[in-house]
Amino acid sequence: MSVLEVDVNDPDNLKRWSERLETASPQEVLRWAVERYSPKLMMATAFGAEGCVLLAMLSEIITDPAQIRLINLETGYQFQETLDLRERIHEKYGISVEYVRAQESVEEMERRFGGAIYGSDPDTCCRIRKIEPLKLVAEGYSAWITAIRRDQTHARKSAGIVQWDEKFQLAKVNPLANWTKRDVWQYVLDNDVPYNPLHDLGYPSVGCAPCTRSTNQGEDDRAGRWATIGKTECGLHTR
Ligand code: SF4
């Protein structure tokens, strides 16, 4: 079967492809995704080390920016270091990552709720600032690329290299699903990929500033995310 024969709406077909792509390199998976889905292909990145690796790889694969829409969900609560990294990526690779924002500004949302809600109701905050904007963007696309790895969280353990994403009604391509943290950082160092300086300051995983703290030695990499409330995912990668 050629890549062009994949039925994007058939989860079983995607499962078979996922099994076949399990031994492919991330670059081969990216090429497969670009060949199959462009220009109805998008990628959302929060500029974690994994996302930066994929952007570096994509810069060698795509020949026209129209082949893939690259977005960052700019919640209005991101670290300045994260926003700066977008510029550093652009300088190094010539790749532009577009900000996608919620319809409601942070100020409007906080006024409506009588203050910030990331502490009291983070699920609603993530829904408004991340999930709903991504759902709007996803309309009209056939697939999205993510930088998740299976060993990051319990919910990501069963991620396929490619799978059907029920929430966003897209094929979901996870080229780094079977990579380890060591694989990612080896690639970053070998290829001088720009990364968030917060990683060197004890933040292995960087999300929105109010919901991210540095971690202590021995703690899980994502222990600093929503640390006081037991939340582990913003909801983009859970059903
Ligand atoms: S990570 Fe925190 S600040 Fe960011 S959208 Fe979610 S709850 Fe809001």
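The values are calculated or read from the model by the stated rules, or taken from the named source; none is laboratory data. What you see is a predicted model, and the numbers here were worked out from it, not measured in a lab. Cβ: placed from backbone, ideal geometry, glycine included. Neighbour counts: every protein chain shown. Note: areas computed on protein heavy atoms with side chains; ligands, DNA, RNA excluded. Shrake-Rupley method; radii C 1.70, N 1.55, O 1.52, S 1.80 Å.
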Checklist entry - How would you order 138-148, 50-60 from highest to lowest mean count of nearby Cβ atoms within 10 Å? => result 50-60, 138-148
Checklist entry - Hey, can you rank 95-106, 78-89 by average C-beta count inside 10 Å, highest first? => result 78-89, 95-106
Next on the checklist: Spelling out what I want: for every residue of the stretch 184-197, take phi, set θ = phi - 60°, compute 6.51 cos²θ - 1.76 cosθ + 1.60 (Karplus), and round to whole Hz; glycine and proline get x.
Outcome noted: 4, 6, 4, 5, 4, 6, 5, 10, 6, 6, x, 9, 5, x
Next on the checklist: Please enumerate, by chain and number, the lysines with C-alpha under 26 Å from the C-alpha of LYS92, excluding those fewer than 8 residues away in the same chain.
Outcome noted: LYS40, LYS181
Item to check | Candidate aspartates and glutamates for bridging to LYS135, where Cα separation is under 13 Å - those fewer than 8 sequence places away on the same chain excluded | outcome: ASP165, GLU166
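Summing -39500 (n - 2.57) over the DSSP H runs of n ≥ 4 in the chain and dividing by its residue number, what mean residue ellipticity at 222 nm do you reach, to the nearest 500 deg cm²/dmol? Each step should come with its number before you reach the end.
Details: 8 runs with 79 residues, N = 239.
Mean residue ellipticity at 222 nm (helix-derived): -9500 deg cm²/dmol.
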Next on the checklist: Please list, in order along the stretch 121-134, the HN-Hα scalar couplings obtained from phi with the Karplus expression 6.51 cos²θ - 1.76 cosθ + 1.60 (θ = phi - 60°), rounded to whole Hz, x for Gly and Pro.
Outcome noted: 8, x, 5, 5, 4, 5, 5, 5, 8, 10, 5, 5, x, 5
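What is the chain's relative contact order, in percent, from Cα pairs under 8 angstrom and six or more apart in sequence?
On the way: 367 pairs, mean separation 56.2, N = 239.
In percent, rounded to a whole number, it is 24.
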Next on the checklist: Need one value: the accessible area of ARG149 in square angstrom, 1.4 angstrom probe, rounded to the nearest 10.
Outcome noted: 10
Next on the checklist: Below 12 angstrom from the Cβ of PRO194, what's the summed charge of the other residues (Lys, Arg +1; Asp, Glu -1)?
Outcome noted: -2
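Mind ranking 204-212, 187-195 by how tightly packed they are, going by the mean number of other C-beta atoms within 10 angstrom, highest first?
Values: 204-212: 19.9, 187-195: 15.8.
My ranking of the peptides, most packed first, is 204-212, 187-195.
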Item to check | Label-point separation in nm, ARG101 to ARG150, each point 7 Å along Cα→Cβ | outcome: 4.0
Checklist entry - Whose amide H sits under 5 Å from the amide H of MET42, counting only residues 5 or more places off or on another chain, with H placed in the peptide plane? => result ARG69, ALA143, TRP144, ILE145
